[in-house]
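This report refers to the structure that appears directly beneath it.
The values are calculated or read from the model by the stated rules, or taken from the named source; none is laboratory data. In this text, all values refer to a predicted model and were calculated from it rather than measured experimentally. Every residue, glycine among them, receives a Cβ derived from its backbone with ideal geometry; neighbour counts consider all protein chains shown.
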Ligand code: BGC
């Protein structure tokens, strides 16, 4: 028997049902770059916070105040996300006293001995802001200036920051124009591309000063993290943390991190170099020929988070948060305690302007400075 035709009421009900089920609801649109106000500097300059999200849900937020990486949320073995960089919830924290959390560092990252150098026969005097030496670009380095920001338009979310460091700024010669592009790739990498040009001979050393704790910021110390550095040599320092000029083999010293080693394994050894650094605060000399290559691998055994560092730079400052002492209160008011983070600041060697045998850090007009560093996150 043929089925009776549906009545008007049934048809109306069917229409409602079909309008609910089709068309299918759109999947939530992934916000790739989200821009929000982050406050004002003490000079009244407005500063923004850009949040970049990749297709895996990995997220980083970066402010154009000092080009600082404010958050970096990556998954662990069980898929749980944690913010793995130290920092602050608001701009105020960054404007106050803090040891360069997440910042871009320049014009010269790391130390220049006796706060001076000679270039083309002329002596340049810098601010002595670290005892007798100059550290991280002086009193107002690239970490404390407002960068121009432009959102990228590529497939993967990126942020382009530019800054013109004027001739004579912090004592350095030449107008130096710097571009830094942060890209959050779909391979869960935070890629940092640096380029620069100058109109007079100058020196430069650019890096990023993120403080990492792969268990999550504010979660205890980093002594159980295991580190491998692809470096057979390091640059020993004097008591003011200025390299002596020697490239010393790491073999048989606490600096042999060529095989995965717990950061805490030798950090308190009775070794003069360890004592000068109050732990690790040394430049390691990478093996390899200057192309983009694996420089470091760090594993946090409990969460399974792994960070690999690839770079075109010849060295890295491995710093174990020896000057953190709980006095700085970061995100959520957490006190950032002794050795609760480590830094891997890819760089040219400290004090290179005064060390003719170190790879040159001189940039001349017409030349283009280029370098790339990648922080890649996986699990094991
Ligand atoms: C230096 C440390 C210093 C830290 C924060 C690192 O790059 O090597 O000695 O304490 O920056 O300023």
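Please enumerate the residues belonging to the range 133-148 that are within 14 Å of the ligand (Cβ to nearest atom) and part of a loop (DSSP other than H, G, I, E, B). Break it down into steps so the answer makes sense when it comes.
From the range 133-148, those within 14 Å of the ligand (Cβ to nearest atom) are 133-139, 141-144; that's our starting set.
Passing the criteria: 136, 137, 138, 139, 141.
Working only within the range 33-54, note down all residues that are in a loop (DSSP other than H, G, I, E, B) and either free of Cβ contacts under 8 Å to residues at least 40 places away in the same chain or out of contact with any helix residue (DSSP H, G or I) (no Cβ under 9 Å at 6 or more places or on another chain) (or both). Show your work before the answer.
Pass one, the range 33-54, residues in a loop (DSSP other than H, G, I, E, B): 41-45, 54.
Answer for the range 33-54, where residues must be in a loop (DSSP other than H, G, I, E, B) and either free of Cβ contacts under 8 Å to residues at least 40 places away in the same chain or out of contact with any helix residue (DSSP H, G or I) (no Cβ under 9 Å at 6 or more places or on another chain) (or both): 43, 44, 45, 54.
Which residue out of 255, 234 is in a strand (DSSP E or B) and closer than 23 Å to residue 355 by Cβ? Explain how you work it out, then say what you get.
Values: 255 fails: in a strand (DSSP E or B).
So the residue among 255, 234 that is in a strand (DSSP E or B) and closer than 23 Å to residue 355 by Cβ is 234.
Which of the residues spanning the range 153-173 are under 19 Å from the mean Cα position of the chain (by Cα) and either over 21 Å from residue 69 (Cα atoms) or assigned to a loop (DSSP other than H, G, I, E, B) (or both)?
The initial filter retains those residues of the range 153-173 that are under 19 Å from the mean Cα position of the chain (by Cα), namely 156-163.
Once the filter is applied, which keeps residues that are under 19 Å from the mean Cα position of the chain (by Cα) and either over 21 Å from residue 69 (Cα atoms) or assigned to a loop (DSSP other than H, G, I, E, B) (or both), the range 153-173 yields 156, 157.
Residue under question is residue 98, and the condition is that it be within 11 Å of the ligand (Cβ to nearest atom), in contact (Cβ under 8 Å) with a residue 40 or more places away in the chain and more than 23 Å from residue 40 (Cα to Cα); does it hold? First the steps, then the outcome.
On the way: within 11 Å of the ligand (Cβ to nearest atom): yes; in contact (Cβ under 8 Å) with a residue 40 or more places away in the chain: yes; more than 23 Å from residue 40 (Cα to Cα): no.
No; evaluated as a whole, the condition is false for this residue.
Condition check: modelled with pLDDT of 95 or more and in contact with a strand residue (DSSP E or B) (Cβ under 7 Å, 6 or more places away or on another chain). Does residue 89 satisfy that? So that I can check it myself, show each step before the final result.
Working: modelled with pLDDT of 95 or more: yes; in contact with a strand residue (DSSP E or B) (Cβ under 7 Å, 6 or more places away or on another chain): no.
Here the answer is no, as residue 89 does not meet what is asked.
Could you go through the range 96-105 and let me know if any residue there is part of a loop (DSSP other than H, G, I, E, B) and within 22 Å of residue 302 (Cα to Cα).
Filtering the range 96-105 for residues part of a loop (DSSP other than H, G, I, E, B) gives 96-103.
Among the residues that remain, those that are also within 22 Å of residue 302 (Cα to Cα) are: none.
No, because not a single residue in the range 96-105 is part of a loop (DSSP other than H, G, I, E, B) and within 22 Å of residue 302 (Cα to Cα).
For residue 154, indicate whether it is within 15 Å of the ligand (Cβ to nearest atom) and either more than 27 Å from residue 315 (Cα to Cα) or touching a helix residue (DSSP H, G or I) at 6+ places or on another chain (Cβ under 8 Å) (or both). Step through it out loud before you land on a result.
Values: within 15 Å of the ligand (Cβ to nearest atom): no; either more than 27 Å from residue 315 (Cα to Cα) or touching a helix residue (DSSP H, G or I) at 6+ places or on another chain (Cβ under 8 Å) (or both): yes.
Judged against the criteria, residue 154 is not a match.
Scanning the range 281-310 for residues that are crowded, with 22+ Cβ neighbours inside 10 Å and without any contact (Cβ under 8 Å) to a residue 60 or more places away in the chain, which turns out farthest from the ligand (Cβ to nearest atom)?
Per the criteria, the residue is 286.
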